[in-house]
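A.B. asks: Submitted below is the structure of interest, expressed as structure tokens.
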Amino acid sequence: MAFQTDFNRDGSGPRFGGQRILLVEDSRMFSAVLCHRFQTELGLNVIPCSSRKTLQDALAMDGHGYAMAVVDLNLPDAPYGEALDCAMAHNIPTIVFTATFDLQIRDRIMQRNVIDYVLKDNEFALDNLVATVRRAMSNRKTRVLVVDDIGSAREVLVGLLRTQQYTVVEASSGLEALAALEAYDDIELVVTDHHMPDMSGYDLTRRIRQRFGSDKLRIIGVSSSNDRMLSARFLKAGASDFLYRPFVAEELQGRVANNVETLAHLKQLRAAAACDYLTGLYNRRYFYDQGPKLVNDCLRRKAASSVAILDIDHFKRLNDTYGHEIGDLVLKAVADRLATIFEGSDNLLSRLGGEEFAILFPMMDSAAASNFCDEIRSDISRLKVTADDEALSVTVSIGVAEISGYETFDNYLNAADQFLYMAKHKGRNIVYSDARMTAEAAQ
């Protein structure tokens, strides 16, 4: 398993894999800039429309293939929001981008259940719009639990959140909420009412906080109570935020977005702490943190697991001959190949440091892991790295040890390291393991 994150290497934010978005904007300047930014910053495939007519033509060709629409409220051939109505009629989640705004227009926009509106009246308008699109697209990966025993109140809250593109789970009591947290391990936000038949909202908050820290799950309390101390009790119980009903839709949207964004930043920090700066793989610290957990899980199940240490052959000589810059290219090339091989697997891959990589194979004995590592070794042996117009070949040696009993994690790695030493002693570019040593002894 290679290090993966939803964010770009420059930290600018997530990308969305070529999903299509409609941009309905008659200003050539705005349209050109936004097309470029949506494509380069978010990875979106933009279909620009400069009028209601071109929007209708685009929808006639494919009215259901758009992930989102950004619509100017006032166009020459649609001065009263007809383009917005057109997009909403095709059930396309829509963000309004407008230079004209007052309370009446705000009410007209919000009645149409748009994701959000962004005003053109300041120098940060384009930045705000790009951020709004990014947030709305990201929200689809965020699961929110709404807890309220009154169906009509819960329905309103769920509707507002789904308009914001969140994936929503509902519960009508505290016990149902706790059951939902057991059933879904990806809930990131709980929005809970206070008055419920089985337990109060802040009792539920306390129980949730016994299991989940605020860096993993956020809680927002809501209530129509007139008790102004209720918000303080919720926050003391561990809630991240609180809202009194009736709330303004934009306030709820902002509070929820701020809490989700806080979690996203914390994820980025954890990801940065777990990532090797050069290769993008998990680093030694992460391997030593997660590895023992995977091993102990296998031992509890009485299942085999194995650990391998992979070392690039003659790496010091390569550095001395071609310089550290070429050495880094080789390291990254090997890491990229390993990341491709292990993408989507349950195996844990990391760079231990220098030219050494470690792989933990849960539920795999030494013989199976050795065979897999031999395929890896063969694959890497076909790798070519260009240095000074010269194609350099790369080979690796790999030591594999089976984990069959409770020992220190260092002991498992030391065993693999011993088999790596034996692989190098046997001539390099081979895999050696306890399974193969046993097979040789039996011959």
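Yes/no matrix, rows are residues, columns are (1) closer than 26 Å to Lys141 by Cβ; (2) crowded, with 17+ Cβ neighbours inside 10 Å:
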| residue | (1), (2) |
| --- | --- |
| Ser172 | yes, yes |
| His195 | no, no |
| Lys236 | no, no |
| Tyr244 | no, no |
| Phe247 | yes, no |
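A.B. asks: Now for a separate question. Has the range 119-126 got at least one residue that is at pLDDT 95 or above and assigned to a helix (DSSP H, G or I)?
C.D. replies: yes
A.B. asks: Another one. Can Ala416 be described as part of a helix (DSSP H, G or I), within 36 Å of the chain's Cα centre (by Cα) and closer than 15 Å to Ala367 by Cα?
C.D. replies: yes
A.B. asks: Considering each of Arg52, Arg135 in turn, give the residue that is basic (Lys, Arg), crowded, with 20+ Cβ neighbours inside 10 Å and within 33 Å of the chain's Cα centre (by Cα).
C.D. replies: Residue meeting the stated conditions: Arg135.
A.B. asks: So Arg245 passes all but one of these: (1) within 28 Å of the chain's Cα centre (by Cα); (2) modelled with pLDDT under 95. Which condition number does it fail?
C.D. replies: With (1) within 28 Å of the chain's Cα centre (by Cα); (2) modelled with pLDDT under 95 applied to Arg245, the lone miss is (1).
A.B. asks: Just to check your reading of the model, which residue among Ala69, Ala99 is in contact (Cβ under 8 Å) with a residue 24 or more places away in the chain and either within 19 Å of Val46 (Cβ to Cβ) or in contact with a Pro (Cβ under 9 Å, 6 or more places away or on another chain) (or both)?
C.D. replies: Going through Ala69, Ala99 in turn, just one is in contact (Cβ under 8 Å) with a residue 24 or more places away in the chain and either within 19 Å of Val46 (Cβ to Cβ) or in contact with a Pro (Cβ under 9 Å, 6 or more places away or on another chain) (or both): Ala69.
A.B. asks: Let me ask something else about it. Could you please find all residues in the range 69-90 being in a strand (DSSP E or B) and either surrounded by fewer than 23 Cβ atoms within 10 Å (Cβ to Cβ) or of a type in the set (Asp, Glu) (or both)?
C.D. replies: Correct list: Asp72, Ala78.
A.B. asks: I've got another one for you. Would you check if there is a residue in the range 273-282 being over 30 Å from Leu161 (Cα atoms) and part of a helix (DSSP H, G or I)?
C.D. replies: Yes - at least one qualifying residue is present in the range 273-282.
A.B. asks: Can I ask one more? If I filter the range 91-105 down to residues being in a loop (DSSP other than H, G, I, E, B) and surrounded by fewer than 17 Cβ atoms within 10 Å (Cβ to Cβ), which single residue comes out as nearest to the chain's Cα centre (by Cα)?
C.D. replies: The extreme case among them is Asn91.
A.B. asks: Sticking with this one: Restricting to the range 416-439, give me the number of residues that are surrounded by fewer than 22 Cβ atoms within 10 Å (Cβ to Cβ) and either out of contact with any helix residue (DSSP H, G or I) (no Cβ under 7 Å at 6 or more places or on another chain) or more than 15 Å from Asp313 (Cα to Cα) (or both).
C.D. replies: 15
A.B. asks: Being of a type in the set (Lys, Arg), touching a residue at least 12 places away in the same chain (Cβ under 8 Å) and in contact with a Leu (Cβ under 7 Å, 6 or more places away or on another chain) narrows it down to one residue among Arg351, Arg377; which is it?
C.D. replies: The match here is Arg351.
A.B. asks: Let me ask another. Looking at Ile220, is it among the β-branched types (Val, Ile, Thr) and farther than 30 Å from Leu269 by Cα?
C.D. replies: no
A.B. asks: Taking the stated definitions as given, is Ser173 assigned by TED's automatic domain parsing to the domain that holds Glu155, in contact with a Pro (Cβ under 9 Å, 6 or more places away or on another chain) and over 25 Å from Glu251 (Cβ atoms)?
C.D. replies: yes
The values are calculated or read from the model by the stated rules, or taken from the named source; none is laboratory data. Only a predicted model underlies this, so the values are computations on that prediction, with no experimental measurement involved. We place every Cβ from the backbone using ideal geometry, glycine too, and count neighbours over all the protein chains shown.
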